Each structure stands twice: as C-alpha cells, then as structure tokens.
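Below is one structure, written out as structure tokens, with a few remarks after it.
Values in this text are rule-based calculations from the coordinates and carry no lab data. Here the structure is a predicted model, which means the values were calculated and not measured. Reconstructed Cβ throughout: ideal geometry from the backbone, glycine too, with neighbour counts over all protein chains shown.
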Amino acid sequence: MNAWLPLVPPLLVALGILAILGLPAALALRLRGFAIAIVAIPAGFAVLALAPFIAGIARIRWSIIPAFALAALLALVLLALRKWLGAPRREHGSRTARPHRLWVPVGAAAIGGAAIATTLVLSLKSADAISQTYDAIFHLNAVRLILDTGNASPLAMDLSSPGHPAFYPTLWHGYVALIAQLSGASIPLATNAALFTVCAVVWPIGAVALGRAVAGPNVRTTVVSGIVAAAFPSFPLSLAGFGVLYPNLLSTALLPFVLVAALQLMDLGPARRADPLAPGTRWLLLLGALGAATLAHPNAIHVLLLWLAAPSIAAAIRAIRGGRIAASSGLLLEPKIGRGARTVLAVAGLALFAAAVGGAWYVGRTSDHPWGGSHETPFDAVLDAVGSTPRLEGHNWPVTVLVLLGALLIAARRGRRWLLGVSFVLISFYVIADGFPPADWRTFFLSPWYNDPWRLAALVPLGAIPLAVAGASTAAAIAGTAFRRVARTFGGSRVALHRTLWALFGAAFLLAATQGAGAFAGVNYVSSKYEFDSASRLLTPDERALLERLPEHVPGDAVIADNPWNGGALAYALADRRVLVPHTGGSYDPRITELTESLDRGSVEACRAANDLRVEFVLDFGREYVFPGTKRALPYLGISGVERSDVLTEVDRQGEAVLYKITGCTI
C-alpha cells in the first residue's frame, strides 16, 4: 500500500477544492443534513465550470483564487435571497428531522465509494498510472496547456489547433490543473486523484440521493443505495478504462444531482420528502448541476432528456387527470392550480420537451463513426443489459435478481411505473448501439454518442439503480423481519444479535453485489487499459523513464519532434517540454509533416522545416502505436525507428526509446 501513499495529498486537495467551493452555497441556503452534500457537490463543480470563463475574460491566471472568489460571491448572493431560496418550511404533521440526518446517507455512500475505490486500486495498480489509451494523450496534455497558459476557459483550448481555439468543455482539465497546482503532484497523480474523487465520492453520493428520491429516505433504503452504487461495473468503472473518457465520466456522475432536482420539481416519488428543498433551491440545483454536467460534457443534455422522457409523461398524465401532489411531509394535497390550467400547462410542457429533444438531437449531431455492436443479435445485447454488465464479459446475476424484483414491485404500484419507462429507454438505446451493425437509422438515434456502444452501456445503470434499490430495500425488509424473529427465539441480548445479523446480511449483500463475475470482468477490463510493461500500447516503462529525464537534456524553451501515436506527445504532460504534435488528431502547421516524413534522410524540406519550427530534438519511440498498424501514423515514419539516420545524434536512451538531437542539417 505504500505505493499508493503519493495519492493521498492530491486526493485530499481534490476533496478540499470541492468543499471550499461548494459548501458556501449550501450553507448560505441554510440547508441541513444530506441536502448539504446534494447541493454542495454540484455547486462546487458549477463554480469550477464558470470561474474559468470569467478568469479568461478578465485575463486572470487560472488558480484557486478566482474560483474561490466566485464561490464567495455566489454565497453572498444566495444569502441575500435566502428568504425565497432558504430551507423549506416545515408543514403541519411533517417529520423532516430524520430525513435531514447526514451521517447515515454519507456513511452509505462511503460503503459504495470504498468498494469502487478498491476496484480502482486493483485496476490501476499504481498511484500515478497512465491510461494506455488514445484519449489519455489529449486529456493529460490539456492539463499541461492550462498550467502553462494559465487559461482554463473552454473558449481557449487550442491543443489540437494551435492559435485557433474552439469551444471544448474543460471542467475536468481545470479541476485537475487546480489539484496539481495546490498539491504539487504530477499530472498523472492529479488526474488519478480526480478520478478517485469522481468515482468514489461524487458518484456514490449522487446515487444515494437518487435512491432516496425514488424509494424513500429510510435507513434501509439509504444503505442499500450506497451498496448498489458500486454494483454496476459498466459505470463508473468501465469509463475509467474506455477512451479514457474523463469528461464523460464526470458528466454522468453529476447527473443524479440533476435528476433529484427534476423529480422534486415534478413531485414524483418520495423525492420531496427524502431531502426537502425549497422551490427556488430546487431550480438552483437543477440549473447548477445541469450546467456543471454540460460543461463537463455536453452529452449530459441528451442523457437527461432520455431519462426524463417517462417521468415527464407521467407528470403530465397526472396533471391532466387532476391527481394530487405530495408535500414534503409525504401527505397528498390538492394542487393550488386548477385542473384546466394544469392540463394546459401539461400539454405545453410536453410540447416543449419534444422540442427540446428534437433540438438536442439536431444540434448534438457528431461526425459519423462506423462503430457497430459487438453482439450478433439484439437479444444478446438485451441479455447483457439485463445481466447488469453491458459491454463486459460475464453477468452480475445477484444484482439482476434485485433489479427484476424491483421492477415487479414498481409495476404493481401505479404511481411509480414511470421508473420502468426510464430503464426501458436507456436499455433500448444500448441495444441499438450494441445489437445492430452501422446504419443510417442507427446513427439517427446514436449520433450524440458517436455511435459508441461503450458510452451507451455506461448509461444503463442510471435506469437500473432505482429498480435495484427498490428490490434490495424490499429484500432487506423481509430479512429484517426474519432477523427480529430469530433474535426473539434465541433470547439473551436480542439487540446485539439483531445487529450482528444485520451486519452479516449487509456484508453478504455487498460481496454479492460487487464481487461477482461481472465485477471481476470490469476489473480485468480496466486493468488491461493500464497495463504498464514492454508491450504497453501508449507508453512503456522505458519510454516513461526517458520522458522523465528529458529536463536533464532538453532546455525549457526547446521544441521536440514527436510521433503522437507512439506516446511521444506525452513529453509535454510529463516533462513540461514542448512537442510539435501534442495530440494524434488536429489541425497543425503543414510544415510539421514535411519534417516528420523525411527528417531521417536529411531532406531539404525536412531540414528547412526543422529550422523554421525551431526543432532541436527528436523522440523516437519506434513503430508500435496506440492503435496498432494505423495508417494515420505514416506521416511520422521519418522520426520513428530511425536509429540509422546520419542526421540525428543520440543524446539519451532507455532500452529502445531514444532522444536524438538534430545535428546533420546544414540549412
């Protein structure tokens, strides 16, 4: 475990950043209990999303100072408006003290978080592990760019098009940059600190909040929600490996907070009495959490629309039928608005929702990727989704049993059948992604996700968690009745025996939910993306060792010619040395291709380009690429595997990884 000690300081900093940026808003709203966490976490990320815009416009370097200044200003504004946005009034007969308790839901989230953290430790193997994936190049180098330029604004990201910035969501990268600044950690360490925070803290707290919102705030439901948060390896574990999709991971982890606010606003399920918020606070949570999730990754809007389709229809039908709504006390009350007005508002609301869906799918179209499904038939994809492990090997049948039990229970209760619709919609989109080959009709539905089955697989748990919580809570209630009878039968210390039985049940449930074949497959999958040996696709131990020595040989203002496909681009993130091509894809100076195609031969064009671009060094990591055999690496053959070149002089070597200096150009 000593190998993981370096992660502790940046991890504490990562948590501290969220606390100092999010708590002021929650405290200004006079929130109590678990509502503090439900509001503080998305508030912290909302500040991290907005502060870079303001700092960029004001030309203030990105640091904790502009972020904290915005958090303080936000708290002052909320304090001034607390008469309208503060804690909800206790209604007659309300017993809101127990739902407001903090330690039970936080403890429940900690159980799930500990399980997720354990799987990450087993998967990453070291505190500063680097994902051996295509997208890791961009995400690590984007953090370095923010640290170098002091600008974390989404409008300033020009890593893939130097001098021509285009909008790119940088919430993740700005967060990691702050962690690195404040802790002094390397970029890989800071990245993994953010990864652990999002997976093992943000996601479990959001999952517990969502579980309470759909199944009630009692202790039993709260605890099982925490365990269920770690029961689906498709999220967050799979996205910690695939891609690696850090922004998408953060965006999805923030969505439960948006859903809690939406359910309270629509008054569906026990959301309002689980963790009551004033109407104004509900809107603030909805807009703040959605804004943060969207600025982490715009795909959040599409996911939210899919999730809310069924509950929106349910709320509209209730309004048209003149159904009563629940107060924060749980009592059903007649609405203040008449049935006719409610009908008009319901129809208008559905029309606006449909327009939002159409607009989101039109604006959110991406380039068409021909990624097809991995299954021969749609039925195989359905089986994987029902087996709680979409896109992964094996199935997590204990969790599936709970999901199916929850589905049966919810089907029998008319007021919550919309939860079945939520799960059906998300599973359907996954089946389209993973059960069918590329086609125009498939692209019509899946374009916002690049037609990518992995991204859709990660959404299945968002629909399954409410069902699993309902099933697990019922199973726990049945077990509790049995435990009480056993305790009475054996006499003696009934309380001690009862608690012991509950502890054993909880441990068995946790093991069954998180240690099955599906969970094992999830760990194996992520582990395969972090393998660090001589066969690593992106960066081998020799290559990383050479990169970490670059400051000994390469001046701070020097430029290095690199092949991004073999990991050379990470010289920027790891050694803080400029490279010609910081990412595999982008719009770069055409002279770069002239250099990289024929520098080994000392062509006039290559030498002239090296002189114009002020390139003095070359990193040669051979011809093993992150995408094996990719033709997109052909323009870099003049600087890859060039040990026989007369133009280059070896400066440093680690195994097959070599740093050269350009010495044979006479121009």
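General observations
- Shape of region 541-662, Cα gyration tensor, a/c cut at 1.5: rounded
- Options (i) 1.02; (ii) 1.36; (iii) 1.23 - which one matches Cα Rg over 2.2 N^0.38 Å as calculated here: (i)
- Ranking of Thr593, Thr366 by count of other Cβ atoms within 10 Å, fewest first: Thr366, Thr593
- Residues of region 146-190 with amide N under 14 Å of the 7 Å Cα→Cβ point at Ile20: 178-184
- Relative contact order for region 541-662: 31 percent, from Cα pairs under 8 Å spaced at least 6 residues apart, divided by residue count.
- The simple spin-label model puts a point 7 Å past each Cα toward its Cβ; for Trp103 and Phe167 those points are separated by 4.7 nm.
- Within the chain, the cysteines lacking any other cysteine Cβ closer than 4.7 Å to their own Cβ are Cys199.
- From phi via Karplus (6.51, -1.76, 1.60), per-residue ³J(HN,Hα) for region 343-354 in Hz, x at Gly/Pro: 5, 4, 5, 5, 5, 5, x, 5, 5, 5, 5, 4
- Gained length - Leu12 relative to Arg413, 0.36 nm times residue gap less alpha-carbon distance: 140.0 nm
- Close amide H partners of Phe617, meaning residues 5 or more places away or on another chain with modelled amide H under 5 Å apart, are Val559, Ala561, Ile662.
- Put simply, the amide H of Phe436, placed in the peptide plane, has neighbours under 5 Å in Gly373, leaving out anything fewer than 5 places away on its chain.
- Lysines with Cα under 24 Å of Lys336, excluding same-chain neighbours fewer than 8 positions away: Lys83
- Spin-label pair Thr118/Ala356, simplified geometry with 7 Å Cα→Cβ offset, distance in nm: 3.9 nm
- By the count of other C-beta atoms within 10 Å, a proxy for reagent exposure, Cys199, Cys665 are ordered fewest to most as Cys665, Cys199.
- Rounded to the nearest 0.05, the FRET efficiency derived from the C-beta distance between Ile57 and Tyr450 at R0 = 51 Å is 0.95.
- Simple label model, 7 Å out from Cα along Cβ direction - Lys336 to Thr366, nm: 4.3 nm
- Net length gained if the chain between Leu511 and Leu155 were fully extended (0.36 nm per residue, minus Cα distance): 123.6 nm
- Computed E for Glu548/Ala439 - FRET, C-beta separation, R0 45 angstrom, nearest 0.05: 0.45
- Length added when fully stretched, Ile65-Asp589, from 0.36 nm per residue minus Cα-Cα: 185.1 nm
- Nearest-0.05 FRET efficiency for Thr649 and Trp283, computed from C-beta distance (R0 56 Å): 0.30
- Beta bridges per DSSP, both residues in the chain: antiparallel share near 70 percent.
- Residues whose amide H comes within less than 5 Å of that of Val579, counting only those at least five positions distant or on another chain, are Ile560 (H built at 1.01 Å from N in the peptide plane).
- Normalised by the number of residues in the chain, the average gap of Cα pairs under 8 Å and 6 or more apart makes the relative contact order 14 percent.
- With θ taken as phi - 60° and the Karplus curve 6.51 cos²θ - 1.76 cosθ + 1.60 applied, the whole-hertz 3J(HN,Hα) list for region 386-395 is 5, x, 6, 9, x, 6, 10, 6, x, 9 Hz, x standing for glycine and proline.
- Relative to one another, the C-alpha centroids of region 170-194 and region 385-460 are positioned 33 Å apart.
- Each stretch of four or more DSSP H residues adds -39500 (n - 2.57); spread over every residue of the chain, this sum gives -19500 deg cm²/dmol at 222 nm.
- Cβ-based exposure ranking for Glu552, Glu543, in which fewest neighbours within 10 Å come first: Glu552, Glu543
- Principal-axis analysis of the Cα atoms of the chain puts helix 171-183 at an angle of about 80° to the longest axis.
- Backbone HN-Hα couplings from phi across region 645-656 [Karplus 6.51/-1.76/1.60, Hz, Gly and Pro as x]: 6, 8, 8, 10, 10, 5, 10, 8, 9, 9, x, 8
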